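Participant: Please find one structure pasted underneath; my questions will follow.
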Amino acid sequence: MAATLRIQSDWSQVLRWLMAALPTGKPTLYGSLTRRGLSTGGVPDIVASEGFVVGEVTKKSILISCPHENVSTKFLAPYTTFCRIHQKSITCLDISSGGGLGVSTSTDGTMKIWQAANGEIRRLLEGHVYDVNCCRFFPSGLVVLSGGMDAQLKIWSAEDASCVVTFKGHKGGILDTAIVDRGRNVLSCSRDGTARLWDCGKSACLGVIADCGSPVNGIAVGTADNSLNLGTPEKAPSEREIGTEWKILLLAREDKKLQGVGLQSRQPVFLFVGSDAFNCCTFLSSTYILAGTQDGNIYQLDVRNTNAPIQVIHRSGAPVLSLLPYRDGFIASQGDGTCFIVQQDLDYVLDLTEADCDPVYKVASWEKQIYTCCRDGIVRRYQLFDL
């Protein structure tokens with residue numbers, strides 16, 4: 001089921017929403033919610049139009065179901081919002097492994113490190129020319145990796161904002177990055193159609209993992225299922241390659257292809273053709289992967305057999321911009337402001353609200369806290385403690 005809802009903090013108006021049952025092809029279901037008043041505890045008294053049932057209601061969430069279609073959605077409002085980190089659209093963010101720090105990039109030309117609890121700015125990371133497209137923390141939480149339209153990959157100290165390493169070699173803007181194990185090696189992909197492996201200690205490129213002939217919009221690295229044939233390297237790997245064995249690299253390509261490549265062997269493992277350009281990809285496990293397309297499809301695939309997807313999730317035609325594994329499910333965000341969580345242990349979809357129709361570019365998590373960044377320049381933090 002797909003659903004959208006804007007939750008007003010004061011519940012002062014009728015809330016309009018729609019629910020569309022999955023799989024695709026079923027008719028869209030429309031309804032409305034009306035607030036009749038407040039309980040003594042300050043929780044709104046909500047009623048739904050015919051065909052819908054209001055379940056649990058709190059100050060931050062509403063559970064709505066449609067019994068006839070056997071679908072339910074819980075709508076969750078942000079616990080807090082950070083409006084002053086950047087002045088314009090926030091295009092990427094990440095949260096450190098300890099949950100204390102956030103890092104984000106913006107179309108205002110800045111990259112900043114901030115306190116994850118309150119959004120207070122700690123460091124300004126300056127050094128890229130033009131826009132910074134992507135950023136992420138190393139597993140230590142003390143170092144940041146970034147890639148920009150200047151075709152440079154940079155490593156920063158989160159403690160003093162110094163740029164300690166700059167990698168050069170791409171011929172086009174860097175669109176995504178990945179970190180191998182603890183981070184002695186890192187990966188990048190670019191508009192130039194290549195994915196490259198880098199040695200952080202020597203500030204050197206260890207090789208081109210793939211040359212696709214088409215922009216690579218997103219990458220993900222994971223440990224492969226032991227039954228998967230990753231191929232054999234044509235020559236012995238460099239002693240500077242650390243942790244590349246038994247790894248597979250996913251490439252989300254602009255030419256509608258999702259590719260798997262043996263990280264150490266550089267050999268192709270699979271090639272799956274989707275409905276449109278692939279924007280993002282991630283691992284759910286050593287066997288199952290997800291990839292999202294420009295026309296709104298989320299493909300779940302088994303890497304052992306990619307001839308046909310296990311399932312295709314389609315909530316709207318808006319681009320799928322971000323995918324993140326979460327507990328025993330995943331979080332997805334789209335270009336129409338939709339951001340939702342699917343988990344096996346929940347009998348409903350969880351919708352993260354308030355982005356309205358602004359694209360949600362990236363999602364990050366730490367324990368039971370979810371952070372999103374959006375075109376409206378706001379970082380939103382959701383707390384799932386009560387779910």
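The values are calculated or read from the model by the stated rules, or taken from the named source; none is laboratory data. Since the structure is predicted, the reported quantities are computational estimates derived from the model, not experimental observations. Every residue, glycine as well, gets a Cβ built from its backbone with ideal geometry; the counts of neighbours run over all protein chains shown. To get the accessible areas, we keep the full protein, side chains included, count just its heavy atoms, and leave off ligands, DNA and RNA. Shrake-Rupley method; radii C 1.70, N 1.55, O 1.52, S 1.80 Å.
Participant: Is it true that residue 82 is among the aromatic types (Phe, Trp, Tyr), closer than 20 Å to residue 220 by Cβ and surrounded by 15 or more Cβ atoms within 10 Å (Cβ to Cβ)? Explain how you work it out, then say what you get.
Facilitator: On the way: among the aromatic types (Phe, Trp, Tyr): yes; closer than 20 Å to residue 220 by Cβ: no; surrounded by 15 or more Cβ atoms within 10 Å (Cβ to Cβ): yes.
No.
Participant: I've got another one for you. Under 8 Å between Cβ atoms, which residue pairs at least 6 apart in sequence (or on different chains) link something in region 168-188 that is within 20 Å of residue 96 (Cα to Cα) with a partner that is acidic (Asp, Glu) and at pLDDT 95 or above?
Facilitator: Once the first residue is within 20 Å of residue 96 (Cα to Cα) and sits in region 168-188, its partners that are acidic (Asp, Glu) and at pLDDT 95 or above give 184/199; 185/199; 185/241; 188/176.
Participant: Just wondering, is there one or more residues in region 183-202 that are of a type in the set (A, V, I, L, M), open to solvent by 20 Å² or more (accessible area, probe 1.4 Å) and part of a strand (DSSP E or B)?
Facilitator: Of the residues in region 183-202, the ones of a type in the set (A, V, I, L, M) are 186-187, 195, 197.
Then keep just the ones that are open to solvent by 20 Å² or more (accessible area, probe 1.4 Å); that gives none.
The answer is no, given that none of the residues of region 183-202 is of a type in the set (A, V, I, L, M), open to solvent by 20 Å² or more (accessible area, probe 1.4 Å) and part of a strand (DSSP E or B).
Participant: While we're here: Can you spot a residue in region 137-158 that is farther than 20 Å from residue 99 by Cβ, small (Gly, Ala, Ser), assigned to a loop (DSSP other than H, G, I, E, B) and at pLDDT 95 or above?
Facilitator: For region 137-158, residues farther than 20 Å from residue 99 by Cβ, small (Gly, Ala, Ser), assigned to a loop (DSSP other than H, G, I, E, B) and at pLDDT 95 or above: present.
Participant: Report the residue count in region 12-62 for those that are in a strand (DSSP E or B), modelled with pLDDT under 75 and either open to solvent by 70 Å² or more (accessible area, probe 1.4 Å) or farther than 23 Å from residue 314 by Cα (or both).
Facilitator: Looking only at that region, the number is 2.
Participant: Here's a follow-up. Could you list, in sequence order, all residues of region 135-167 that are surrounded by fewer than 22 Cβ atoms within 10 Å (Cβ to Cβ) and among the hydrophobic types (A, V, I, L, M, F, W, C)?
Facilitator: 138, 142, 143, 149, 151, 155, 158, 161, 163, 164, 165
Participant: Let me ask something else. For region 106-125, enumerate the residues that are under 25 Å from residue 199 (Cα atoms) and either of a type in the set (Phe, Trp, Tyr) or modelled with pLDDT under 95 (or both).
Facilitator: Across region 106-125, there are no qualifying residues.
Participant: Filter region 31-45 down to the residues that are aliphatic (A, V, I, L, M) and in contact (Cβ under 8 Å) with a residue 24 or more places away in the chain, then identify the one that is farthest from residue 68 (Cα to Cα).
Facilitator: Here is the first cut: in region 31-45, the ones aliphatic (A, V, I, L, M) are 33, 38, 43.
Those still in the list that are in contact (Cβ under 8 Å) with a residue 24 or more places away in the chain too: 33, 38.
On the way: 33: 18, 38: 29 Å.
Only one residue fits best here, namely 38.
Participant: Is it the case that residue 176 is assigned to a strand (DSSP E or B) and on the phi < 0 side of the Ramachandran plot? Walk me through how you get there before you give the answer.
Facilitator: Values: assigned to a strand (DSSP E or B): yes; on the phi < 0 side of the Ramachandran plot: yes.
In short, yes.
Participant: Go through region 243-282 residue by residue and tally those that are farther than 30 Å from residue 334 by Cβ and crowded, with 18+ Cβ neighbours inside 10 Å. Show your work before the answer.
Facilitator: If we filter region 243-282 for residues that are farther than 30 Å from residue 334 by Cβ, which is where we start, we get 243-246, 262, 264-267.
Right, trim to crowded, with 18+ Cβ neighbours inside 10 Å and you get 244, 262, 264-266.
Summing the residues that are farther than 30 Å from residue 334 by Cβ and crowded, with 18+ Cβ neighbours inside 10 Å in region 243-282 gives 5.
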